[in-house]
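Visitor: After the structure tokens below, expect a handful of questions from me.
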Amino acid sequence: MDLALLRTFVTVHRAGSFTRAAALLGLSQPAVTSQIRALERQLGRPLFLRYARGVTPTTIGDELAHKVAPHLDALTEITEAGLDRDSVTRTLHLAGPPEFLAERALPALTPLIAQGLSIRTAFGSAEELLTGLSSGHHDLTVTTARPRGGLLTATPLCDEEHVLIAAPLWMDQLGGPAELQAGGARVLDPVPLVEVHESLPLISRYWSAVFDAKPAASATVIAADLRAVLSCVAAGAGIAVLPRYLCADALDSGEIVALLDPPVPPLRTYFLAVRHGTLGLPHIARAHEWLLRAAASW
């Protein structure tokens, strides 16, 4: 069976679309369609169900992907290694939230650089990063969404506690913790909100878990990096919800304060996701193990 056809098939399976697969492979969409049809003729079975917005693998398609994808990934690794036989350097393509990679993942992996590992990072939403992992753009992805399907596997990495924070001046204006505990979310309604996205992902999660309510207003400040959110809050722009690991130093110094201390604080789990079979590659397995070991103290 033609390996080129199998490579195209696996790319389509991971991308979920002939169009996206064509872009990843550097081929035209008709060429991708033609190759998939050729493979289906060889097997005598359909591999995908075609829809207006993409494709879904048939049972046979899923089975074939599980069988051949790890081997194709291994062949790719062997080919890439052969391009530079004298080099022990291996490149790890790591993806995840920029703040988490900057504050936790990258410092944890730094000792591996002396062992010949080089690192390239990518940032984006959980959906974008998992799509990139499935398509072969990333080796490891840190994500807050557990991946679905059989091509990706995920291991819980760590939990993060979410904290409702503000500059000290807002605590005084709001009447202190007792007033907040008694009044709940309505006390916070007049205060500007600072978030990473218009959908208020962190604030909505906190409001639901702690107040059993939804935020009454949209955000006043949107900053796409949680570190920028922290800076805005410290400057007095409003209130925000942040992971404790990211704002612990500012809390300790008094630059910001935690407005509430709920008995059961909201938590969010991070997962370390890989493509099925790629932990057989030493540099990916070593980084995976190193991150899990470091996460025990996070």
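What follows is calculated from the coordinates using simple rules that are stated; it is not laboratory data. Note that this is a predicted model, so its numbers are computed, not measured. FYI the Cβ positions are ideal-geometry reconstructions off the backbone, even for glycines, and counts take in every protein chain you see.
Visitor: Could you give the length gained on full extension between His197 and Lys214, defined as 0.36 nm per residue of separation minus the Cα-Cα distance, in nm?
Guide: My answer for the length gained is 4.6 nm.
Visitor: For the Cα atoms of the chain, what angle does the longest principal axis make with the long axis of helix 282-295, in degrees from 0 to 90, nearest 10?
Guide: 20
Visitor: Grab the Cα-Cα distance for Leu169 and Ser204, subtract it from 0.36 nm times how many residues apart they are, and report the gain in nm with one decimal.
Guide: Net length gain for the segment: 10.3 nm.
Visitor: Relative to the present Cα-Cα distance, how much length would full extension add between Arg37 and Thr58 at 0.36 nm per residue of separation?
Guide: Roughly 6.2 nm would be gained on extension.
Visitor: For a quick size check, give me the Cα extents of the stretch 136-209 along its three principal axes, largest first, whole Å.
Guide: So the extents along the principal axes, rounded to whole Å, are 51, 21, 19.
Visitor: Go ahead and estimate [θ] at 222 nm for the chain from helices alone: -39,500 (n - 2.57) per DSSP H run with n ≥ 4, summed, over the residue count, rounded to 500.
Guide: Theoretical 222 nm ellipticity from helices: -13000 deg cm²/dmol.
Visitor: Based on other C-beta atoms within 10 Å, arrange Glu103, Glu127 from fewest to most.
Guide: Arranged by neighbour count, lowest to highest, Glu103, Glu127 become Glu127, Glu103.
Visitor: Here's something else I'd like to know. At R0 = 22 Å, how high is the FRET efficiency between Asp249 and Thr269 if r is their beta carbon distance? Nearest 0.05 is fine.
Guide: Values: r = 23 Å, r/R0 = 1.05.
Efficiency for this residue pair is about 0.45.
Visitor: Work out, in µm²/s and without decimals, the Stokes-Einstein translational diffusion coefficient of the chain at 37 °C, 0.692 mPa s, Rh from Kirkwood over C-alpha pairs.
Guide: Working: Rh = 21.7 Å.
Rounded, D is 151 µm²/s.
Visitor: In angstroms, what radius of gyration and Dmax does the stretch 3-82 have, counting Cα atoms only?
Guide: In order Rg, Dmax, the Cα atoms of the stretch 3-82 give 12.3, 41 Å.
Visitor: Could you check what % of the DSSP bridge pairs in the stretch 160-268 are antiparallel, to the nearest 5?
Guide: The antiparallel fraction comes to roughly 75 percent.
Visitor: Determine, for Leu230, Leu169, the number of other Cβ atoms within 10 Å of each Cβ, and report the residues in order from fewest to most.
Guide: Leu169, Leu230
Visitor: If you don't mind, another one. Indicate the gyration tensor shape class of the stretch 160-268 (rounded, prolate or oblate), computed on the Cα atoms with a ≥ b ≥ c the square roots of the eigenvalues: a/c under 1.5 is rounded; otherwise a/b larger than b/c is prolate and the rest oblate.
Guide: Rounded.
Visitor: Please arrange Thr269, Thr11 by counting, for each residue, the other beta carbons lying within 10 Å of its beta carbon, fewest first.
Guide: Thr269, Thr11
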